[in-house]
Every structure is written in C-alpha cells, then in structure tokens.
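Below: one structure, written as structure tokens.
The values are calculated or read from the model by the stated rules, or taken from the named source; none is laboratory data. Quick caveat: nothing in here was measured; it's all calculated off a predicted structure. Virtual Cβ from ideal backbone geometry, glycine too; neighbours counted across all protein chains shown. Remember, those area values only see protein heavy atoms, side chains included, never the ligands or the DNA or RNA. Shrake-Rupley method; radii C 1.70, N 1.55, O 1.52, S 1.80 Å.
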Amino acid sequence: MSKVGILMGSKSDFDVVKPAVSVLKKFGVETEVRVISAHRTPDEAHEFAATAKEKGIEVIICAAGKAAHLGGVIAAFTTLPVIGLPVKTDMMGGLDSLLSIVQMPAGIPVATVGVNGGENAGLLALQMLAIKYPEIEKQLVAYKEAMKTKINNDDEALQAMLG
Ligand code: RP5
C-alpha cells in the first residue's frame, strides 16, 4: 500500500492541505498528516525526513506560508520527492510562500504547485506513485476522462445557451 507524508508548518495551514488529503484518500492512498515546522520544530522536521522512507512513505507534501522553508528543509534530509504547497498569506497573497518554496538552490529540488494548490499537490503525488502502482494509474486515467466529459458538457451547455 502506498503512503504519502503531508506536513504543514502550522495548524492554520490545514484548510489548504485538506484537498490534498481528500484526493489521496479518494484514490486509496494512506497518508500521515503532521504539523511540523522548519523553524519552530526543526528537530521534528529532521526526524520526519530522515525516517520517512523506512516508514514506507514514498512522496512528501509540505505546505507552508510566509518564509516557507519546510519543503526545502525536508528535501535536504531525504531523497524522496518533495512537493511544496505554498499557502496564501495576508501580506503578500502567497507570493512570499511561493518564492520561498520554488527558488531552491541547485541540488535540492522541491516540485512546487500553485498558491493554495492543495488538490494539485495531491494529484502530483498520485502521478508520481502511478509510475509504480498500476491501480493508481488506472484511477488517474478515469479522473482525467471525467474532467474531459465535464468540460465538454459545459461547452455544449454554453453553446446551447448562446444559441
Ligand atoms: C508558516 O507561518 C506556516 O506554514 C503558516 O503558513 C505561517 C503562519 O503560521 P501561524 O502563525 O498561523 O502559526 O510557518
């Protein structure tokens, strides 16, 4: 059974994290969801990253806001893929979080989704897992097919409305 670690720098990030947890659960992937901060609980961040692989975690999502160093710090201590999820902030609309996460120095990549992009963080983790798990790949194909149907139906309805 595949497993994804989902970390957030503060409990206040949880609303942004929820869609990632939901989509992973929907696809039958186990999650370990934790509040761990790069700055406030650095020892726990190190411990989590250093032991994630032996606990069966295959991808780690890190949500953080402001000076959002969680993803980078976790990526420093593991070879597992890390997905950064920037959290929207009052002061700068999340641009601070986005740049803190995406602008990693060469050698420590953090795959970064958009500001408050919780669902995409979950889906990207699923796409990574799908390389190894055919049952996840199958569900992703169905997910994309459903999306396509919805957009085509919306387009048809719009054409009908506009005459
Ligand atoms: C970051 O600071 C957290 O990821 C959060 O987005 C932000 C604010 O944290 P709180 O002050 O709400 O705990 O570390």
In the range 2-17, which residues are out of contact with any Ser or Thr (no Cβ under 8 Å at 6 or more places or on another chain), away from the ligand (no atom under 14 Å from the Cβ) and either modelled with pLDDT of 95 or more or on the phi > 0 side of the Ramachandran plot (or both)?
none
When only residues in the range 32-62 that are part of a loop (DSSP other than H, G, I, E, B) and more than 13 Å from the ligand (Cβ to nearest atom) count, which is farthest from L98 (Cα to Cα)?
G56
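Might you let me know whether the range 88-108 holds any residue that is in a strand (DSSP E or B), modelled with pLDDT of 95 or more and open to solvent by less than 50 Å² (accessible area, probe 1.4 Å)? Lay out the reasoning, then the answer.
Here is the first cut: in the range 88-108, the residues in a strand (DSSP E or B) are none.
No, because not a single residue in the range 88-108 is in a strand (DSSP E or B), modelled with pLDDT of 95 or more and open to solvent by less than 50 Å² (accessible area, probe 1.4 Å).
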How many of the residues making up the range 63-87 are crowded, with 17+ Cβ neighbours inside 10 Å and near the ligand (Cβ under 10 Å from one of its atoms)?
10
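Restrict the check to the range 22-31 and report whether at least one residue is away from the ligand (no atom under 16 Å from the Cβ), aromatic (F, W, Y) and open to solvent by 40 Å² or more (accessible area, probe 1.4 Å). Write out each step before concluding.
First, pick out the residues of the range 22-31 that are away from the ligand (no atom under 16 Å from the Cβ): 22-31.
With aromatic (F, W, Y) added as a condition, the list becomes 27.
Of the ones still in play, those that are also open to solvent by 40 Å² or more (accessible area, probe 1.4 Å) are none.
No; the residues of the range 22-31 include none that is away from the ligand (no atom under 16 Å from the Cβ), aromatic (F, W, Y) and open to solvent by 40 Å² or more (accessible area, probe 1.4 Å).
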Starting from the range 63-80, keep only residues that are more than 17 Å from M91 (Cα to Cα), then list their pairs with residues that are of a type in the set (S, T, Y) and assigned to a strand (DSSP E or B) whose Cβ atoms are within a distance under 8 Å, requiring at least 6 positions of separation or different chains.
G71/T112
